[in-house]
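Only one structure is covered here, and it is reproduced in the block below.
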Amino acid sequence: MPPADSAPPALSPSTPVGVYDSGYGGLTVLRQLRRVLPTLDYVYLGDSGRAPYGGRDVDTILDFAEQCVERLFGEGCRVVVVACHTVSCVALRHLQHRYGSAERRVLGVTIPAAEAAVAVTRGHIGFLGTARTVASHTFRTEVRKLSATVRVSEVAAPLLAPLVEEAWEETDIARLAAARYVGQFDGIDTLVLGCTHYPLLENAICAVAPAGVQVLNPAPQVAARFAAWREKYPALAPAGGGRLRVLSSGDVGRFARHGARFLGEDLPPVEHVGERHGRLALCPDEAEPLGQVVRE
Ligand code: DGL
């Protein structure tokens, strides 16, 4: 047995897969990625200090997305999965153009979501997402590329992600809000959960969806698509030791507590990142300031 004060064994260098979301929701995607590819190392970044993104303007989302993706590449990732539908729908092309190369890739969730929906629909897909996601119509555009005949109806549900962030998914408020939004669809046969937070509301949404409507969480298809991509580019996401690091721009204690519900298992100690001069930097051991703060 090693002496009690001996240093822990050095970890071998790792090329983790980066997973990025505006907050907790992308942990539902990470859960599927870890299920399908458990030996990879992952770094998850939840920008929960600045979430929700769904009501923000496009320029702000692009700024936040750049900072988060740069942080993940700075952590040694060679591929970043943008798990957030809001970012994926408005900023993916920009991120790919700015950071993508033979050595670095940025992948999104909108095409896998469209593929999963087109594969099961009988002709009319309902898509529930944030206000910004729905305003982009990116999901509808991707469905049209796959099928000229399938109809898409989109409904913005701006209250749902904040309810989940508050851990209120099993409350009457969540059920009422779900009923109000789902009630706006007419004649759909498939309902896509177009926000990473909504799988936690699946019970509430299924309870109010009309009989015969299939409620679809695209996360398993995102993971399946990623696994197929990795077959082609193994060097960009090599096998590691199944390690996980979690970064958050919000309260790290709260992120660890809430995050376990999304990931389906306990999170490792969450590391804090904060904006410093237009970049997201690791800010270890930073306590929340009490009272007033005067800048030098
Ligand atoms: N994670 C975001 C998405 O998937 C929803 C939450 C937000 O508005 O930030 O669209």
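The values are calculated or read from the model by the stated rules, or taken from the named source; none is laboratory data. Computed from a predicted model, the values in this text were never measured in an experiment. Note that each Cβ is placed from the backbone with ideal geometry, even for glycine, and that neighbours are counted across all protein chains shown. Quick note on the areas: whole protein, heavy atoms, side chains included, nothing else; ligands and nucleic acids left out. Shrake-Rupley method; radii C 1.70, N 1.55, O 1.52, S 1.80 Å.
Summing +1 for each Lys or Arg and -1 for each Asp or Glu, what net charge is found among the other residues whose Cβ lies under 11 Å from the Cβ of Gly278? Cβ neighbours under 11 Å give a net charge of -2.
May I ask you to derive the relative contact order of segment 203-296, considering only C-alpha pairs under 8 Å and at least 6 residues apart, and to give it as an integer percent? RCO, segment 203-296: 17 percent.
What does the charge count around Ile173 come to, taking other residues whose C-beta lies under 12 Å from its C-beta (Lys +1, Arg +1, Asp -1, Glu -1)? Walk me through the intermediate numbers first.
Working: positive: Arg175, Arg180; negative: Glu166, Glu169, Glu170, Asp172.
Local charge sum for Ile173: -2.
Placing unit charges on each Cβ (+1 for Lys and Arg, -1 for Asp and Glu) gives segment 6-88 a dipole about its Cα centre, and among Leu37, Val80, Ser22 the Cα reaching farthest toward its positive end belongs to Leu37. Put the Cα centre of segment 208-244 next to the Cα centre of segment 134-149 and the gap is 20 Å. Across all directions, the shadow cast by the convex hull of the chain built on its C-alpha atoms averages 18.5 square nanometres. Between segment 160-196 and segment 58-76, what is the separation of their alpha carbon centroids in Å? Segment 160-196 and segment 58-76 have Cα centres spaced 28 Å from each other. Could you work out which residue, out of Gly187, Gly274, Gly46, moves most in a Gaussian network model of the chain, that is, has the largest mean-square fluctuation with Cα springs under 10 Å? The residue that fluctuates most here is Gly187.
Only beta bridges with both residues in segment 162-286 are counted; by DSSP, about 45 percent of them are antiparallel.
Would you work out the charge dipole size for the chain about its Cα centre, treating the Cβ of every Lys and Arg as +1 and the Cβ of every Asp and Glu as -1, and quote it to the nearest 20 debye?
Numbers: 30 positive and 32 negative charges, 216 e Å.
Using Cβ point charges on Lys, Arg, Asp and Glu, the chain gives about 1040 debye.
The calculated P(r) of segment 202-288, using every Cα pair and 10 Å bins from 0, goes 13, 26, 32, 23, 6, 0 in percent.
Shown for the chain: the carbon plus sulfur share of the solvent-accessible area, taken with all protein chains present and a 1.4 angstrom probe, equals 52%.
Protein heavy-atom accessible surface, 1.4 Å probe, per residue over the chain: 48 Å².
Sequence-distant contacts, meaning Cα pairs under 8 Å at least 6 residues apart, place the relative contact order of the chain at 24 percent.
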